[in-house]
Amino acid sequence: MSVVAVCSAHGAPGVTTTALALTWVWPLMHPDRRVLLVDADSAGSGLLTGFLQAELPDMAGVLALAATRGPLSVEQVVECAVAIDEDSMRMVLAGVTDPRQARLLGATWSALIGAARDLGSVGVDVVVDVGRLGHRYEPTPLLDGADVVAIIVRPEVASVVPSAAAVRTLQEARAGRVAPLALVIGEGYSPSEIGTALGTGKAVVVARDAWAATALATGSAQGWRFERSPLLRSARGVVERVADLAPSLAVSS
Ligand SMILES: Nc1ncnc2c1ncn2[C@@H]1O[C@H](COP(=O)(O)OP(=O)(O)O)[C@@H](O)[C@H]1O
Ligand SMILES: [Mg+2]
């Protein structure tokens, strides 16, 4: 199983943007692997209204999967996902637009974490956009089953304090497993200070890069300028750190 969950402890620090950037660089760092981005933000998809620009075929996304009972096969999951590049190296399983829909999804998240094992064995790794932690319909099975949980932090008190509390809760839930990884966007407290405050070890920097973030939020991400942008370059550093933490996600050399 190869699952990286991305989350936050407060509103809008950049979870969806970072999850998309990781998804974009994943096949560049793991040329033999594909990647599926699971849009599991119970408060409402940032991908459907952003990167996907509300374009989704009928019978796609997590609600289509929710109509299926029992375990999910690789084929069922891939059928409900949409490719976001020409080679289908990167796929998105779109989420919900209304938080009320999320209450239908508890069993789907459990089935998906089961399917993630099979996806991994056929060469598809999974990145999850969990959104903000603590939502009433939080996709807890995806967090519990993830190899690595990354929490997005802004380097300011209003972000660090709730993030430290969230990391303590995650640590309890993940006793004996890989500790959460802190990803910091922007200038303020240093990555070491953030790591000390959160008890995670030095945070990894995700570049503040309004141009590339907007390209991801509007679905216009493409081309060499995008792939060489500070945001995408920093996302490569995150993938390397993830590989150090979880050997099953090792980067090909
Ligand atoms: N690395 C970044 N650099 C610059 N702006 C960013 C970055 N990440 C996110 N943003 C901006 O912050 C806002 C919230 O980002 P988003 O990813 O939607 O947050 P969340 O998913 O946590 O709600 C958006 O306007 C987005 O463009
Ligand atoms: Mg989001």
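The values are calculated or read from the model by the stated rules, or taken from the named source; none is laboratory data. Owing to the predicted nature of the structure, the values given are computational and were not obtained by experimental measurement. Cβ sites come from the backbone with ideal geometry, for glycine too, and all protein chains shown count toward neighbours. Calculation scope for accessible area: heavy atoms of the full protein, side chains included, ligands and nucleic acids excluded. Shrake-Rupley method; radii C 1.70, N 1.55, O 1.52, S 1.80 Å.
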> For M91, M59, what's the largest-to-smallest order of accessible area, 1.4 Å probe?
Replying inline: M59, M91
> Label 7 Å along Cα→Cβ of S121; segment 68-98 residues with amide nitrogen under 18 Å?
Replying inline: 71-78
>> Is there a quick way to get the dipole size of the chain? I mean about its Cα centre, with the Cβ of Lys and Arg at +1 and of Asp and Glu at -1; what is the value in debye to the nearest 20?
In response: 520 debye
>> If you take every DSSP beta bridge fully contained in the chain, what fraction is antiparallel? Give it as a percent rounded to 5.
In response: 5 percent
> Tell me, what is the per residue accessible area of segment 2-99 in Å², probe radius 1.4 Å?
Replying inline: 38 Å²
> Which three semi-axes in whole Å describe the equivalent ellipsoid of segment 97-250, each the square root of 5 times a Cα gyration tensor eigenvalue, listed largest first?
Replying inline: 24, 21, 17
>> Along the Cα→Cβ direction, 7 angstrom out, place labels at R69 and V157. What is the inter-label distance in nm?
In response: 5.4 nm
> At a 1.4 Å probe radius, carbon and sulfur cover how many percent of the accessible area of segment 135-251?
Replying inline: 53 percent
> Taking 0.36 nm per residue of separation and subtracting the Cα-Cα distance, what length does fully extending D144 through E227 add?
Replying inline: 26.7 nm
> Taking the Cα-to-Cβ direction at A250 and at T97 and moving 7 Å from each Cα, how far apart do the two end points lie in nm?
Replying inline: 4.4 nm
